[in-house]
Amino acid sequence: MSDVEARELVYEGKAKKLFATGDPDLLLQYFKDDATAFNAKKRGTIIEKGVRNNAISEVFFRLLEREGVPTHFVRRLDDRHMLVKRLEIVPVEMVVRNVIAGSLAKRLGIEEGKALPEPIVEFYYKSDALDDPMINEWHVRVLGMATQAEIDRMVELTLKVNAVLRPFVAERGIVLVDMKLEFGRHHGTIILGDEICPDTCRFWDSSSGEKLDKDRFRRDLGRVEEAYEEIARRVGA
């Protein structure tokens, strides 16, 4: 794999495993091919998904770091392993939306595909058991998930990530419909964690509107692996 030694398993999620390393400040992030939807109620496998997501995430993390967004990314080690900074994860998923789709369309009864005049930022409590319920800043602050300063910083960084990635993918014929971001504390400072890929973003082809993300798995649209491969090709992963 590399000269970085994987030690005990620290955490296993739906799409990744995190292993301790010889450095207490660093973790080894392993990308799986397991696919889940609807908070793991639907399960399957997307062949080579982990390889694609690792490479795509590297492209996006490097771009964001150049643009001043602090992330947990250190370096990609091989096809499936990424070295990352150890974070204390804030149990809040930040979702930024540019186009009405998915749960927003269902919740408001608005047809998918309507472009928003400006991005919408939403908060969700990170809990599979509760189906990641939507919450607001008051819940996050009053229930002690994050301080007001941390909330403000997460919103600021969420909008900055969107402002950087949206034109980048647009130049490559892709609409960034929405994306889910996760943040954590690294030595007390809020930075971006997790991954940025077709698992966590909705990508639509700007000409045809074809979905190039995990919605192909969620909705049984077929050509799932091809969609991930196409995103990797277009972003140069």
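Every number in this text was worked out from the coordinates using simple rules, so none of it is lab data. It should be emphasised that the depicted structure is a prediction, and the values quoted were computed from it without experimental measurement. Cβ coordinates were reconstructed from backbone atoms using ideal geometry, including for glycine residues, and neighbour counts include every protein chain displayed.
So here's what we get for this one:
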read-out	value
Extreme residue, positive dipole direction of the chain, given options 123, 158, 104 (C-beta unit charges)	104
Above-threshold pairs, the threshold being 28 Å between Cα atoms, out of 14/106; 41/211; 41/85	41/85
Charge sum, other residues only, whose C-beta stays under 13 Å from residue 148's C-beta, Lys/Arg counted +1 and Asp/Glu -1	-2
Nearest-20 debye value, segment 136-189 charge dipole, Cβ charges on Lys, Arg, Asp, Glu	100
Extension reserve of the residue 135-residue 62 stretch, reckoned as 0.36 nm per residue once the Cα distance is removed	23.2 nm
Net dipole in debye of the chain [+1 Lys, Arg Cβ; -1 Asp, Glu Cβ; about Cα centre; nearest 20]	300
Span per principal axis, largest first, for the Cα atoms of segment 1-127 (Å)	51, 36, 25
FRET efficiency estimate (nearest 0.05) - Cβ-Cβ, residue 159 to residue 206, R0 25 angstrom	0.70
Neighbour-count ranking [beta-carbon atoms within 10 angstrom, fewest first] of 225, 8, 111	8, 111, 225
More than 20 angstrom apart: percent of Cα pairs within segment 89-223	47
Qualifying trypsin sites (Lys or Arg not before Pro) for segment 162-222 [loop in DSSP, other Cβ within 10 Å: at most 12]	219
Residue order, fewest to most surrounding Cβ atoms within 10 angstrom, among 228, 124, 11	11, 124, 228
